[in-house]
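Accompanying notes for the structure given below.
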Amino acid sequence: MQPVSIRDVAQAAGVSVGTVSNVLNRPDEVSAELVVRVSRAVDQLGYVRNDAARRLRKGVSSAVGFVVLNGQNPFFNDVVRGAEDEASKHNIAILYGNTDEDDAREKLYLDLFEEQQVRGVLIAPFGDIQPRLERLRRRGIRAVLVDRFGGSSRYSSVSVDSVAGGRMAVEHLIGTGRRRIAFVGGPFGIRQVNDRLAGARVAAENSGPDCELEVVATTAMTVAEGVTAGARILSRPRNEWPDALFAANDLIALGLLQSLIQEGRVRVPEEIAIIGFDDISFAGAAAVPLSSIRQPSTMIGRTALRILLEETADEELIPRQTVFQPELVVRRSTDPAPR
């Protein structure tokens, strides 16, 4: 398919090529009516500036876009660092965008990277990203999913088996004698949250009818949401408390820990055990060192960038799904005498 040209836009809008150029580069010098007409034609035709497209076709673009789900999470900082380490070997810069689990911000960064015609895009997506990836592909921009299993043959992905990680976390809690377990996490529009819960449910079901697994939903994967969830749990009568908490990530787990131990209200892990997911650097330094399911964060970033560069260099490569296995890291928050 031939790329849309500035002449195509001018013809669709019924204006001159010069007017289109002014709207794109100096809109303050053009009437509002012309800006609307040209902008509508740009959107309808899917126009991308040709100078950037030419750079991409020649393979000389020196930037890759990286859109992450939550820039507050040290896990994603480590993933980006891994990508940057690999990118530096190829004299490529990483353009970074944090969506903060927001659809509008995700769209903003993808629009920006499309306009800049970066060499490719790495993305830890929020919600359904398929239509946007298809649009990028039509513009000649390859994408690799990060921390999300691709689930199709169209896009490569680099992830950790979150279902296995969720199962591993709850099996560990059951192995320490816990039977009333709460999964704390959300929102459930995030695929990884659902996968970790699915694994937790498998472990609980396999252990028999004496194991209970409840869900305590959060609106974000943050420390603040963990603190709030902990307060909700402790507001119950003491005999209705769970004896273990599996947090969807370490930030939530740290918030839960903060809520539980303040003023010496709960002994962790004697009364309530806590395990997180990611094994960020802060986990081992918490007031009660936090057990967690470790992801190889920097390796995920390096691998994703390497695959993206390979695919931009050879468009015939078949997309592949790279799945790392998680690792259980036991600390005092689940075991008074960790091994």
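The values are calculated or read from the model by the stated rules, or taken from the named source; none is laboratory data. Nothing here was measured: the structure is a model prediction, and the numbers come from that model. FYI the Cβ positions are ideal-geometry reconstructions off the backbone, even for glycines, and counts take in every protein chain you see. Keep in mind that these areas ignore ligands, DNA and RNA; they rest on the heavy atoms of the full protein, side chains included. Shrake-Rupley method; radii C 1.70, N 1.55, O 1.52, S 1.80 Å.
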Count of residues meeting criterion [in a loop (DSSP other than H, G, I, E, B) and among the acidic types (Asp, Glu)] in region 113-152:
2
Region 3-55, residues that are modelled with pLDDT under 80 and open to solvent by less than 30 Å² (accessible area, probe 1.4 Å)
Val48, Ala52, Ala53
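Listed here are the residues, each with its yes/no results for (1) small (Gly, Ala, Ser); (2) surrounded by fewer than 23 Cβ atoms within 10 Å (Cβ to Cβ).
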{"position": "Val184", "(1), (2)": "no, no"}
{"position": "Asn206", "(1), (2)": "no, yes"}
{"position": "Ala217", "(1), (2)": "yes, yes"}
{"position": "Ala220", "(1), (2)": "yes, yes"}
{"position": "Gly230", "(1), (2)": "yes, no"}
{"position": "Ile233", "(1), (2)": "no, yes"}
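Filtering region 92-110 down to residues that are assigned to a helix (DSSP H, G or I) and in contact with a Lys or Arg (Cβ under 9 Å, 6 or more places away or on another chain), which residue is farthest from Tyr47 (Cα to Cα)? Break it down stepwise before answering.
Initial filter on region 92-110 (assigned to a helix (DSSP H, G or I)): 103-110.
Then keep just the ones that are in contact with a Lys or Arg (Cβ under 9 Å, 6 or more places away or on another chain); that gives 106-107, 110.
Details: Glu106: 20, Lys107: 17, Leu110: 15 Å.
My answer is Glu106.
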Can you name the residue in region 133-175 that is aliphatic (A, V, I, L, M) and more than 25 Å from Leu108 (Cα to Cα) and is also surrounded by the fewest Cβ atoms within 10 Å (Cβ to Cβ) among such residues?
Ala164
Of the residues that make up region 90-97, is at least one open to solvent by 20 Å² or more (accessible area, probe 1.4 Å) and in contact with a Pro (Cβ under 9 Å, 6 or more places away or on another chain)?
no
Working carefully through the options Val184, Val146, find the one that is under 24 Å from Thr298 (Cα atoms), modelled with pLDDT of 95 or more and among the hydrophobic types (A, V, I, L, M, F, W, C).
Val146
Could you tell me whether Asp100 is more than 30 Å from Ala231 (Cβ to Cβ) and modelled with pLDDT under 95?
no
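Whether any residue in region 255-276 is basic (Lys, Arg) and in contact (Cβ under 8 Å) with a residue 24 or more places away in the chain is what I want to check.
Checking region 255-276: at least one residue is basic (Lys, Arg) and in contact (Cβ under 8 Å) with a residue 24 or more places away in the chain.
Taking Val170 as the residue in question, decide whether it is under 23 Å from Arg236 (Cα atoms), under 25 Å from the mean Cα position of the chain (by Cα), in contact (Cβ under 8 Å) with a residue 60 or more places away in the chain and in a helix (DSSP H, G or I).
So Val170 fits the description; yes.
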Kindly indicate whether any position in region 85-100 is farther than 16 Å from Arg148 by Cα, of a type outside the set (Ser, Thr, Tyr) and in contact with an Asp or Glu (Cβ under 7 Å, 6 or more places away or on another chain).
yes
By residue number, the members of region 14-48 that are more than 19 Å from Leu112 (Cβ to Cβ) and not in a helix (DSSP H, G or I) are Gly14, Val15, Ser16, Arg26, Val30, Ser31
Restricting to region 198-246, count the residues that are within 24 Å of Asp335 (Cβ to Cβ), touching a Ser or Thr at 6+ places or on another chain (Cβ under 9 Å) and free of Cβ contacts under 8 Å to residues at least 60 places away in the same chain.
7
I need a count of the residues in region 242-272 that are touching a Leu at 6+ places or on another chain (Cβ under 7 Å) and surrounded by fewer than 19 Cβ atoms within 10 Å (Cβ to Cβ).
1
Looking at (1) under 22 Å from the mean Cα position of the chain (by Cα); (2) within 26 Å of Ala164 (Cβ to Cβ); (3) modelled with pLDDT of 95 or more; (4) surrounded by fewer than 24 Cβ atoms within 10 Å (Cβ to Cβ), which is the one condition that is false for Phe282?
(3)
Only unsatisfied item for Gly59, checking (1) at positive phi; (2) modelled with pLDDT of 85 or more; (3) surrounded by fewer than 19 Cβ atoms within 10 Å (Cβ to Cβ), is (2)
